[in-house]
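Comments concern the structure below.
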Amino acid sequence: MAKVKVRMAIDPFETVERALAQVEKRVALGIVVSLNYDEGADVLYVKFSYSKIVDNESLDEKGLILASLDESQEVVGLMIMEASSFTREV
């Protein structure tokens with residue numbers, strides 16, 4: 001059986017790291033439980049918990065990096081718009 005190589009259009013972990021480097025507010029993040037990259041919209045969705053998301057808070061001036069918040073206002077995910085601008089090509 002041939003070996004299959006799976007790739008994403010971006011490196012999601014590098015994208016998160018570079019995006020958060022531009023944020024002044026420190027965000028406590030957990031273990032990644034889900035990653036989804038919508039290449040057409042160029043949006044990276046990262047979940048740290050399967051908690052219900054009730055609100056979003058912009059973490060940067062441009063509104064490209066959003067923290068997804070649960071009912072207790074804890075960060076349970078990130079949405080990174082224009083994600084490819086935060087990473088180099090893979």
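Brief remarks on what is shown
- Count of residues meeting criterion [in a loop (DSSP other than H, G, I, E, B), charged (D, E, K, R), in contact with a strand residue (DSSP E or B) (Cβ under 8 Å, 6 or more places away or on another chain) and farther than 13 Å from MET8 by Cβ] in the stretch 34-81: 1
- First in the stretch 16-27 and surrounded by 10 or more Cβ atoms within 10 Å (Cβ to Cβ), second anywhere and at pLDDT below 85 and hydrophobic (A, V, I, L, M, F, W, C), Cβ under 7 Å, 6 or more apart: LEU20/VAL27
The values are calculated or read from the model by the stated rules, or taken from the named source; none is laboratory data. The structure presented is a predicted model; accordingly, all values stated were derived computationally and were not measured. When we count neighbours, we look across all protein chains shown, and the Cβ atoms used for this are built from the backbone with ideal geometry, even at glycine.
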